[in-house]
Amino acid sequence: MTAMDFCARFFRWRAILPQFLVCVLVAFAMEALPVRAFAAQTAGVEMQMTVTNTGYLNARGFSVFLYKSTYHPVFVDQKNTAMELILHGRRVATNGDVRLMPTPEQWDLVAKLKGVHADAAANRLTAELGFPSYGVDYTLEVTAEPGGVRVSVNLAKPLPQTLVGRAGFNLEFLPSVYMDKSYAVDDTHFGVIPRSPEDRMHVVPRAAGDPLKLPYQEEWDRAKGYTEPYSIVSGKSITLAPEDPLYRVSVRSETAPVALYDGRDRAQNGWFVLRSLIPAGKTEGAIVWHIRPNYMAEWTRLPMVAHSQAGYLPEQSKVAVIELDPNFDAPKTAKVLRQEADGSYRQVFEGPITLPTPWLRYQYAKFDFSAVKQPGLYVIEYAGARTAMFPIAQDVYDRSWQTTLDGFLAVEMDHVSVRDAYRLWHGVSDMDDARQAPPNEQHFDGYRMGPTTDSPYKAGEHIPGLNVGGWFDAGDYDNIAPSQYSVIENLSLAYRSFGLKWDELAVDETARTVEMHRPDGVPDAVEQVRHGVLQILAQIHAVGHPFMGIIEPNLREYTHLGDAASKTDGRIYSDKLGPNEVKGDYSGKPDDRWAYTTKLPFLQYGAASALAEASMTLKGWDDPLAKQCLDAAEELWQQEQAHPTANTSRPFGPPGMAAMGEWRASLELMQATDGGAEYKKRFLELYPSVEKNFGFGGWMAVFALPYMDADFRQEFEAQVKAYKTEFDARMAETPFGVPPSLGTWGGSQQVAAMGAQMYFLHKAFPQIVGPEYTLRAANYLLGTHPDSSTSYISAIGTVSKLKAYGNNRADNTFIPGGMIPGYIVIKPDFPECIDDFGMLWFEDEYTISAASAWILEATAAEQVGKEMAH
C-alpha cells in the first residue's frame, strides 16, 4: 500500500485535518515504519525484555509494571496500577486488567488482587485476580517475547453468562500523548484521535442479577442514565501514533477484536482505552494480546537540569540538580550564560558537575554555580541544551506568594462571589448549607458519621447558619475542617512573623463579594483569616462544637466542575415541596450539602488552636471577632479538660500523636493569653510525649521559648542539635535534600512545611540551623525536583504547572497561585509528574492547606533574602 492509498482510505473514514497536511503526516509515518510491522526493530535489533530485581519487565526505553501498586481503598481508580507501560521516559498506559465496562470510571468495580509473581527465568509477570461477587477467578500474565510482550488472561472457568459481552481486557492510554495523533486499524481503517470526545453514546441498563453496588454508586449510575460510548473503531490490530517514533504502540489480538474507546465521553479525567471482550466458553488464553512499542535500541533520555524557575538571591548557594539516564554519556561540565539586552547570551561561568549517583531509575549530578552573583537573567547550558531563563536578584522571593494569597485562595473562598476584573470566578456558592448527615454514614470521599449525629438536628434536617466563610478544600468543593485550620494557622503565623500587610483584595462579608486587584485598606491575610474563622464559629454556634466538614451528598454534585454557585440551587431543601417546586428560599430539590457533625477530640483541639492563633491576627483589625475567637478557643479547651470527648476516629500519625492536638492548643492559647498559667502548665506536662515527634510537631515548642525558663531553652537547644544531625543524615539519602515523595500523594506540602519549620529554628538558633534549608525547600518547589524542572506553583516562575487538578480542570487549565502535590514514585522506581496533563489528583490537585504552607514558606524565604542583603 502506498502513502497515497493510505490517505485515500483515511479520508473515506473521517475527514478531520486538511488533506494536504494529513497526507504529508501519514506519508512520513508510512516511510518511518510500515503499519503492519509489529516486530518493532531499529537497525535490525529486536527488543528482548527481562525481569529486573525489583520485579518488572524492562528493556532500554520500555518497561512493563504489573500491580506494583494497587487500587486505592477509598478513591479506587487513580490511574496508576495493574499493567502499566513506560515508553521512552513516559508512562503512556495504565490499568491493564479485566474490567466490566469499556470506559470505567473512578468508582466502578475492579478485580480483587490475590497475589503477584515475577519469574525471572521465564521473563514473565503473573497476577492472580478475581471478581468474587461473580465467582470469577483468573490470572493475568505478561511474558516477554521478541519485540515486546505477550499478554494473556486465563480464566479458571468460562465466564458466567451475566458477564458475557461485558467483561473484557482494558488498557488505558494517556490522552496528552495520543490525542491529535493518528491510529491505524488492520491496514484498512485510519483516523486521528480527537482532542475533544465526540462519540455516540448508548444506554446499557444494569444487568438483572448483578450484585448491588454501594448506594452512592447506584445513585450515580441512575443519574448518568447508564450510558456508555460506542467504540471509535475496532479490528484485529490497532497502532496508536504511527507518526510518532517515541510513543508508537501496536496491539495485535489473537482472540477477540481490539476496540478503541474514548474514556473522556463519560468523565473529563478519562483516558483512551483499548479493549477486547472475553469470548464465551473460553478459559486458557481467553485473551491474548501482543504489544509492540516502537523500539529504538540506542534511545537515551536527555538530561533534565532541575533549577529554580523563579531564580536565586545573589548571595545564596545555587545548585542545579541534573537528572541523567544511566546510559547517557554525561559531559563533565556545565555553563551559565547571561542574557544581554540585545537578546544574545554571554558565558559567565563554567564548572564541573559532581559524579552522578543513582537514585530510583536515574542518576543525579549537581552543578554548583554559586559564584555567579551579578543580578540579571541567566540560563544553564548542559549537553548542548539550555534551560528556561531565570533571574538572579535580591527580590526573587518577594513576589512569589501574593498570587497564592490573592489568586488561588481567593478563588477557593466559599459562600461569596469572586470576581477578577471582567472575569467572575464563581457566584455566591452553597447558600443552602447544610443538611444534617445521617448516622452510620460512610461517604465516598472518606467522611464518616458515627452511630449518633452529636447534634440537635435529625438526619436530613437543615442546620441554619452554616452558609458563611470557609474555603473549598481542593479540586472539589467540600469544606473540610483540618484544612481550614491549617490555612488559618499558616496565614496567621505568616502575618505575625513577617508583617504581611499586602492588600489587593476587597472582601465584603456582608455583601458576600470578593474583588481581586482592589485594595480595601485591610491586609489580605487578615481578611482570609477572618473568612476562615467565620465558618468555625458558625459550626460551634449551630451544633455546639466544631465538626469535620460539609460536603456534597452525591457523586453528581461531587464531580461538578464549573461555577460553584451552579452546583446547587441555593435554596434550603423542604420535603413538603415537590421535586421541582420552589417557594421563596425553599425548594424540593435535595441538593444541599451534608454536614458531618461527629464530635471528635482532635477537632475540638484543632479548632481551639486555629481560633487562638486567629485571635492574635485579628486584634487591631476586628477586635470583637478577635475576642470571640479567643473566648471560643478557651471554652473548647476547658470543655475537653473537664469532659474529654471519646475518640471514635481512626488512629492518626506516629505514636504520641494522641497528645499532639491538646499540646498544640495549649501552646497557641499560651501565646494568645501572653503566657496563661494553666496553658503553660499543660504544655509542659504534655511535652515529654510530644518531643519524641520533634519533626512532626514538637519543633513548634520554639514558639513557647519567650515564656520558658533557661533550663527549658537549654534542653530544647539540645533537641534541635540532635534533630538537625538526624535530619541531615536522612536528607543526604536523596539528591534534592528535602523529604522525598514516596507515598501515594506528592509531597510538596511537606517540603514547604519543612522549609518554614527550619526557618523558625534558624531564627531561634542561628548558630545551629542555617537559612539554607528554607531556600532549598523554596527552590525545590520552584523547579529543583525530579522528572521535570517545572515550578509546582502555577504561574510562579518562568515555567510552571499550567494544567492542574483545580475545580476548573475541565478546561485543561490552572488557577494562578495554586500549588500541586508534585511528583510521586510510580512503584517501584519511576518518578513522575506529568507536565501536559492535569487529571491525576495525586500529582496535580491543588489544596488550600498546601497553598497556605507555600505562603508561609515563601515569606520565610523572602525574609532570609532580606537578612542576606544586610
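Just a few scattered comments:
- Stretchable slack from R423 to Q641, in nm (0.36 nm times residue separation minus alpha-carbon distance): 73.6 nm
- Over all other residues within a Cβ to Cβ distance under 14 Å of G130, the charged ones net out to +1, with Lys and Arg as +1 and Asp and Glu as -1.
- In the chain, Cα pairs under 8 Å separated by at least six residues give a relative contact order of 11 percent.
- Candidate cross-link partners of K627 among the lysines, defined by an alpha-carbon separation under 22 Å and a same-chain spacing of 8 or more, comprise K501, K619, K680.
- Angle of helix 481-498 to the longest C-alpha principal axis of the chain, folded into 0 to 90 degrees and rounded to 10: 60°.
- Computed across the chain, the Kirkwood hydrodynamic radius from all distinct Cα-Cα pairs reaches 29.4 Å.
- Between helix 748-764 and the chain: long-axis angle, C-alpha atoms, 0 to 90°, nearest 10: 30
- Scoring 540-547, 426-433 by mean Cβ neighbours within 10 Å over their residues and listing the highest first yields 426-433, 540-547.
- Computed over protein heavy atoms with a 1.4 Å probe, the carbon and sulfur contribution to the accessible area of the range 196-300 reaches 54%.
- Gain upon complete extension [D398, H202; 0.36 nm per residue less C-alpha separation]: 65.1 nm
- Normalising the average separation of contacting C-alpha pairs (under 8 angstrom, six or more residues apart) by the number of residues puts the relative contact order of the range 739-870 at 28 percent.
- Helix-only [θ]222 nm of the chain, DSSP H runs n ≥ 4, -39500 (n - 2.57) each, per residue, nearest 500: -8000 deg cm²/dmol
- Peptide ranges 486-495, 179-188, 516-525 listed from the most packed, as the mean C-beta count within 10 angstrom indicates: 486-495, 179-188, 516-525
- Dimensions of the range 176-267 based on its C-alpha atoms, expressed as ranges along the principal axes with the largest first, amount to 46, 30, 21 Å.
- A simple spin-label model places the labels of N53 and L355 1.9 nm from each other, with each point 7 Å out along Cα-to-Cβ.
- Tilt relative to the chain, helix 848-869 - C-alpha long axis, 0 to 90 degrees, to 10: 70
- Label separation (K157 vs A297): 5.0 nm, computed from points 7 Å beyond Cα along the C-beta direction.
- A simple spin-label model places the labels of A677 and K224 6.3 nm from each other, with each point 7 Å out along Cα-to-Cβ.
- All lysines inside 25 Å of K335 as judged from Cα atoms, apart from same-chain residues fewer than 8 positions distant: K318, K366, K373
- Of the solvent-accessible surface of the range 348-501, computed with a 1.4 Å probe over protein heavy atoms with every protein chain present, carbon and sulfur atoms account for 53 percent.
- Taking 22 Å as the straight-line reach from the Cα of K213, the lysines in range (excluding those fewer than 8 positions away in the same chain) are K79, K112, K114, K224.
- Stretchable slack from E315 to H541, in nm (0.36 nm times residue separation minus alpha-carbon distance): 76.2 nm
- Where the alpha-carbon atoms of the range 372-512 are placed on the principal axes, they occupy 67, 39, 34 Å, in descending order.
- Accessible area per residue for the range 444-589 is 39 Å², calculated with a 1.4 Å probe on protein heavy atoms, without ligands, DNA or RNA.
The values are calculated or read from the model by the stated rules, or taken from the named source; none is laboratory data. In this text, all values refer to a predicted model and were calculated from it rather than measured experimentally. Don't worry about glycine lacking a Cβ; one is built from the backbone with ideal geometry, like all the others, and counts go over all protein chains shown. For the accessible areas, the whole protein counts, side chains as well, though only heavy atoms, and no ligand, DNA or RNA atoms are used. Shrake-Rupley method; radii C 1.70, N 1.55, O 1.52, S 1.80 Å.
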